[in-house]
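See structure below.
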Amino acid sequence: MTGRALPPSSPFAGDDGSADPALTATLARYADGGAELADVVAALAPTRVLVPVLAELEVEGVVEHDGHAHTVDKEASAGVVALRTPDGRTALPVFTGVAAMTRWRADARPVPSDVARAALSAVTEGWEVMVLDAGGPVTAVLPRTAVYALAQGQPWRPAVRAGRVDDAVRAAVRDAVAGVRLVAGADAVPGTRAEVAVELAVLPGLDRAALDRVLGQVNAALAQHPDVAARVDSLELRVRTA
């Protein structure tokens with residue numbers, strides 16, 4: 001890195017800390033609405049990222065993204081920083097280059113890593129999210145499903161793309177709730193409060209207690225279905241009478 005010599009044996013010994021040009025271009029298109037998050041993840045996968053390390057951790061400062069604050073969290077080891085997202089999840093911040101990291105925290109020390117290793121570290125720590133370039137100029141929040149795909153070196157297949165839920169995800173949702181009594185049918189559409197909204201058609205005549213039991217069974221069935229768990233980051237339920 002610039003100003004920080006790496007050992008000659010390091011695979012990043014010739015790295016000058018610059019961001020990958022193709023990734024930078026994709027992030028610019030993402031900011032303008034010309035690319036989706038899946039395009040960012042695909043461009044990120046083969047690159048090197050910088051993981052920030054702080055000499056002293058403190059619960060201070062915030063990261064702004066889409067009008068939401070991500071607080072710096074002390075829940076980290078060996079000086080690696082974690083962020084707390086607005087929905088309460090813990091995120092690993094990574095950066096495309098030294099300039100982006102300095103924009104966020106001038107006192108952070110950049111530790112280079114390939115993306116798969118950084119993602120695997122996040123998964124190992126139990127951190128479900130990664131935040132790319134937390135200080136901008138373009139910030140991308142990678143959901144749990146993308147982080148797991150990167151950790152495994154696999155392409156990320158988002159549940160929702162181009163405003164439509166993937167057919168395989170819709171089929172998995174229907175399969176998951178097929179055995180739940182009093183549910184006449186289900187479908188999956190893009191959510192408003194979550195990534196995917198599961199639209200349930202329930203049989204008429206249910207009181208509040210019965211409906212709550214049905215919804216609890218539906219939530220359990222969705223959580224236990226391997227394809228739903230692997231493809232969907234977050235769910236919301238919408239209920240109508242069949």
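Each reported figure results from applying straightforward, stated rules to the coordinates on display, with no laboratory input. Fair warning: this is a prediction, and the values are worked out from it, not measured in the lab. A quick note on method: Cβ atoms are made from the backbone with ideal geometry, for glycine too, and the neighbour counts reach across all protein chains shown.
Summary table below
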read-out	value
Volume per residue that the Cα convex hull of the chain spans, once the total is divided by residue count, Å³	135
Antiparallel %, DSSP beta bridges [both residues in the chain], to 5	70
Ranked by how many other beta carbons lie within 10 Å on average, peptides 105-116, 205-216 from highest	105-116, 205-216
Value of Rg to Rh for region 160-241 (Rh from inverse mean 1/r over Cα pairs, i.e. Kirkwood)	0.95
Charge tally in the Cβ shell below 11 Å around Thr145, where Lys, Arg are +1 and Asp, Glu are -1, Thr145 excluded	0
Relative contact order of region 160-241, pairs being alpha-carbon contacts under 8 Å that are 6 or more residues apart, as %	36
Sum of side-chain charges, Arg29 neighbourhood, beta-carbon under 11 Å (Lys, Arg +1; Asp, Glu -1)	-3
